[in-house]
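Okay, structure first, notes after.
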Amino acid sequence: MFGNIHPRGTATCPHHTHQDHVVIYDNCVASFANDMMHLQPKTVTFELLKRPSNIPGLREALQVVAMRDCEVNLFLRYDWQLPRAGSSDEHITILTQSSAKCRVTAFSGCLSGLVVASLPATINQLWLAFTEDDDHMRNALSAMTENIARMEYLWLHVVAGTALSMLHPIACRSYGPHLVISGVSDSQVDWACDVARTLQPNSSWWEYWTLGLVRSTLSKDGCENLVKGLAERGVTVWICNRGIQIASPALTQDDCHHLMTVAREQLNCSLSCGSRVLPELYPGGQCWSHFFSIDEEEDSESSEDEANH
């Protein structure tokens, strides 16, 4: 067995070359290149929670997979949760360069606009984080219109402070994407409403599947203004899914009950809220049970470790 390399298929031994699916976690990336010599998977999934720059052997592992005829899912969860400009560019580029034989079918992380514009059409599941300082993102989203329209899942994470001029309406699909906005305070409610409206195409039937506000400091009044602002701008959230979800330490249980009523009246959708993490906002399966659970203190420690190396 290969530690945390988890094969998913009919066989019980990962050394068997007919394994369909291999899943690689953080602590076994360094040994993966050698392990891959014994495997012929149809799909390789990287489920990585740490900052990519702190995972030994990641670049080498991606280079090995890039030369294999297989599908690849690259989930850089840290970069999705705590995006930094272009922090995932290097890793996805290894898999999508012209000489690569693999086919990337799913990705999560934070990319620059230039790299977003060149994402392959093979991607049908995308978790994309935006940062506040990328002038190329609007053109990239426009260039991806056709690809986005074919995607099975689309999650967008917009960080507080991101310029509206960066954003572009998302292509109409069979259903709308999930939108996560992080770091919103009461003074940024109008901006958050404008983000949701800017990304929403002009369509009478188009709705967000989920609209999440995480790591916010929103008060009861701020949340109520948010719901009303969304309604005034014509933003719609699908009533049959998770609706609006807000994580803020300023909210009490009574506040949440009141806001649920406001959401039903103003937007005809559900609303749930809490003081911290909302696990149901975590996309991508069971390993997302700690969505946005990395504290700022942990991020600072990680930054210091990276600087020391």
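The values are calculated or read from the model by the stated rules, or taken from the named source; none is laboratory data. Remember, predicted model here, so these are calculated numbers, not experimental data. Neighbour counts run over all protein chains shown; Cβ positions are idealised from the backbone, glycine included.
Tabulated results
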{"quantity": "Pairs where the first residue, in segment 112-132, is in a strand (DSSP E or B) and among the charged types (D, E, K, R) and the second is buried (at least 24 other Cβ atoms within 10 Å of the Cβ) and modelled with pLDDT under 90, C-beta under 6 Å, 6+ apart", "calculated": "none"}
{"quantity": "Qualifying residue in segment 260-273 (condition: modelled with pLDDT under 95, polar (S, T, N, Q) and buried (at least 20 other Cβ atoms within 10 Å of the Cβ))", "calculated": "no"}
{"quantity": "Test: residue in segment 153-172 that is farther than 20 Å from GLN245 by Cβ, surrounded by 16 or more Cβ atoms within 10 Å (Cβ to Cβ) and at pLDDT below 85", "calculated": "yes"}
{"quantity": "Residue in segment 107-144 that is farthest from ARG51 (Cα to Cα), counting only those that are at pLDDT below 85 and of a type in the set (D, E, K, R)", "calculated": "ASP135"}
{"quantity": "Verdict on ASN147 being in a helix (DSSP H, G or I) and modelled with pLDDT under 85", "calculated": "yes"}
{"quantity": "Residue among GLY212, GLY243, GLY222, GLY183 that is on the phi > 0 side of the Ramachandran plot and surrounded by 22 or more Cβ atoms within 10 Å (Cβ to Cβ)", "calculated": "GLY243"}
{"quantity": "Some residue of segment 215-231 being modelled with pLDDT under 95, closer than 20 Å to HIS168 by Cβ and in contact with a Phe, Trp or Tyr (Cβ under 8 Å, 6 or more places away or on another chain)", "calculated": "no"}
{"quantity": "Condition met for GLY176 (farther than 30 Å from CYS70 by Cβ, in a loop (DSSP other than H, G, I, E, B) and modelled with pLDDT of 85 or more)", "calculated": "no"}
{"quantity": "Qualifying residue in segment 215-226 (condition: in contact (Cβ under 8 Å) with a residue 60 or more places away in the chain and either of a type in the set (Lys, Arg) or touching a strand residue (DSSP E or B) at 6+ places or on another chain (Cβ under 6 Å) (or both))", "calculated": "yes"}
{"quantity": "Helices (runs of 4 or more DSSP H) within segment 14-81 that include 2 or more residues buried (at least 21 other Cβ atoms within 10 Å of the Cβ)", "calculated": "58-66, 77-81"}
{"quantity": "Subset of segment 246-259 that is in contact (Cβ under 8 Å) with a residue 12 or more places away in the chain and not in a loop (DSSP other than H, G, I, E, B) - its residue that is surrounded by the fewest Cβ atoms within 10 Å (Cβ to Cβ)", "calculated": "HIS258"}
{"quantity": "From the options SER99, SER87, residue that is polar (S, T, N, Q), closer than 26 Å to ALA171 by Cβ and outside any helix (DSSP H, G or I)", "calculated": "SER87"}
